[in-house]
Amino acid sequence: MAGHSTYQPTNGLTRWLDTRLPVLRLMHDSFTAFPTPRNLNYMWTFGGILTLFLALQIVTGIVLAMHYIPSADKAFNSVEFIMRDVNYGWLLRYMHANGASMFFLAVYLHIFRGLYYGSYKAPREVLWILGVLIYLVMMATAFMGYSLPWGQMSFWAATVITNFFSAIPWVGEAVTEWLWGGYAVDSATLQRFFSLHYLLPFVIAGLVVLHIWALHVPGNGNPAGIDVKTPQDTVPFHPYYTVKDMFAICLFLLIFGYFVFYNPNYLGHADNYIAANPLVTPAHIVPEWYFLPFYAILRSVESKLGGVLLMFGAIAILALLPWLDTSRVRSAKFRPVYRWFFWFFFVDCLILGYIGAMPADGVLHINESIEVPYLLIGRIATIWYFAHFLLILPLIGLFERPKPLPESIIKSVLGKGGGTPAGAAHAPERQI
């Protein structure tokens with residue numbers, strides 16, 4: 001979605017800067033006058049929410065790093081020092097820990113919105129793949145961050161997960177020893193994780209810039225899943241969507257504030273407030289809630305290598321989605337069969353998350369005579385997860401009969417009468 005710039009410098013300073021470094025023109029064209037489909041709903045506000053929380057995680061992380069000591073002997077006590085003796089250290093740590101959960105919550109809603117409205121389809125394949133890369137780096141960053149408090153759950157989660165890399169043929173042992181910095185999880189491991197945890201958020205920020213760039217080439221998708229055809233299909237990003245984004249951000253911050261100030265440890269694990277002890281294994285090792293579906297997939301097969309391949313395959317398969325979905329219609333609003341399977345897939349992911357939190361050898365008690373092992377439920381849910389992408393999506397596109405698509409975005413919103421919202425009629429037309 002491209003057109004000529006509408007930016008006009010207003011004074012001598014901006015005119016001088018515009019001829020040398022047109023950063024104000026770039027900001028104006030990208031975030032103020034950028035033509036945006038007029039039918040976007042609140043599911044399109046998570047980009048702004050995620051940008052805010054990425055900045056929040058970087059800022060709080062930098063300050064926390066000033067007081068943290070990446071040593072097996074001192075890490076746990078340094079976290080206690082931050083909580084008790086650093087001015088507002090408790091606030092910084094709770095914001096950082098709960099901010100990670102809010103970040104992943106927004107990312108999952110962002111991903112499911114993309115799945116529902118077909119945001120991965122042409123011409124947005126590169127945009128989608130960049131999003132998958134951001135998600136993968138986020139998971140690596142969060143895993144290393146989870147290890148830093150050096151509590152019982154941090155230590156044993158790091159031990160269990162890094163051990164799985166040893167199953168990779170030829171290079172597994174070398175990769176595992178490099179991650180450990182020796183022959184067991186210890187201070188060298190913590191120093192590596194701390195260094196990477198500090199670095200990777202800036203990698204995420206760079207990928208986000210590419211993600212936004214890739215978004216601004218074809219422009220936003222929309223709930224109708226149709227292309228912009230006339231200037232009347234769009235409105236300027238500001239003020240129509242900046243106001244909408246700010247309202248959504250305020251609502252999300254209320255949820256964030258509840259956890260930070262009223263229930264800061266709810267999303268954590270009690271065992272992580274016990275100092276790491278290599279001689280005492282927790283009764284049930286679990287990662288953070290946002291890793292639970294993949295942890296269930298990891299445990300669904302007895303083979304260590306098979307579990308690792310399935311876990312990474314569950315993420316990698318998302319990058320292939322633009323080519324696995326054979327339907328030409330983007331939005332599930334006009335795909336009655338796909339819409340049902342989308343919700344089945346959503347429930348399947350919730351089931352995987354639940355199973356990941358349960359003991360691997362536990363059972364689900366349905367009644368006095370029926371008990372179903374959690375491992376069996378996890379295996380069935382894992383099969384459905386991969387079948388959704390490899391079988392269901394390709395087949396649905398071949399026989400599904402979508403509903404008729406609207407002629408244009410403006411007609412889908414306002415009907416045949418058309419019209420423009422107050423104030424938009426005087427906006428300068430742009431080439432689409």
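Here, each number is a calculation from the coordinates, and none is a lab measurement. Just so you know, these numbers come straight off a predicted model, no measurement behind them. Positions of Cβ are backbone-derived with ideal geometry, glycine not excepted, and every protein chain shown enters the neighbour counts.
Numerical summary
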quantity: Which of Ile134, Ile129 has the fewest Cβ neighbours within 10 Å, and the rest in rising order; calculated: Ile129, Ile134
quantity: Local net charge near Asn41, Cβ-Cβ under 13 Å (Lys/Arg +1, Asp/Glu -1); calculated: +3
quantity: For segment 13-23, Karplus couplings with θ = phi - 60° (6.51, -1.76, 1.60), whole Hz, Gly/Pro x; calculated: 5, 5, 5, 4, 5, 5, 7, 10, 8, x, 5
quantity: Between segment 1-71 and segment 286-312, the alpha-carbon center distance in angstrom; calculated: 36 Å
quantity: Under 5 Å, built H, 5+ apart or other chain: amide partners of Val363; calculated: Tyr374
quantity: Degrees, to the nearest 10: 336-357 long Cα axis against longest axis of the chain; calculated: 30 degrees
quantity: Segment 165-261: mean projected area of Cα convex hull, nm²; calculated: 11.8 nm²
quantity: Cβ-based exposure ranking for Tyr117, Tyr108, in which fewest neighbours within 10 Å come first; calculated: Tyr108, Tyr117
quantity: For segment 1-72, convex hull volume per residue from C-alpha positions, Å³; calculated: 186 Å³
quantity: Choice from Met83, Met138, Met27 showing the highest fluctuation, given a GNM over the chain with Cα pairs closer than 10 Å; calculated: Met27
quantity: Where Rh is the Kirkwood radius over Cα pairs, Rg/Rh for segment 252-394; calculated: 1.04
quantity: On Cα atoms only, tilt of 75-84 relative to the major axis of the chain in degrees; calculated: 60 degrees
quantity: Relative contact order of segment 25-287, pairs being alpha-carbon contacts under 8 Å that are 6 or more residues apart, as %; calculated: 36 percent
quantity: Radius 12 Å from Cβ of Gly397, net charge of other residues (Lys, Arg +1; Asp, Glu -1); calculated: +3
quantity: Cross-link reach list, lysines versus Lys333, counting only Cα pairs under 21 Å and skipping chain neighbours closer than eight places; calculated: Lys121, Lys229, Lys403, Lys411, Lys416
quantity: √(5λ) per eigenvalue of the Cα gyration tensor, the chain, largest first, Å; calculated: 41, 30, 19
quantity: Rounded to 10°, Cα long-axis angle of helix 374-387 versus longest principal axis of the chain; calculated: 30 degrees
quantity: Linear extension gain, Leu398 paired with Leu136, 0.36 nm per residue minus alpha-carbon span; calculated: 91.2 nm
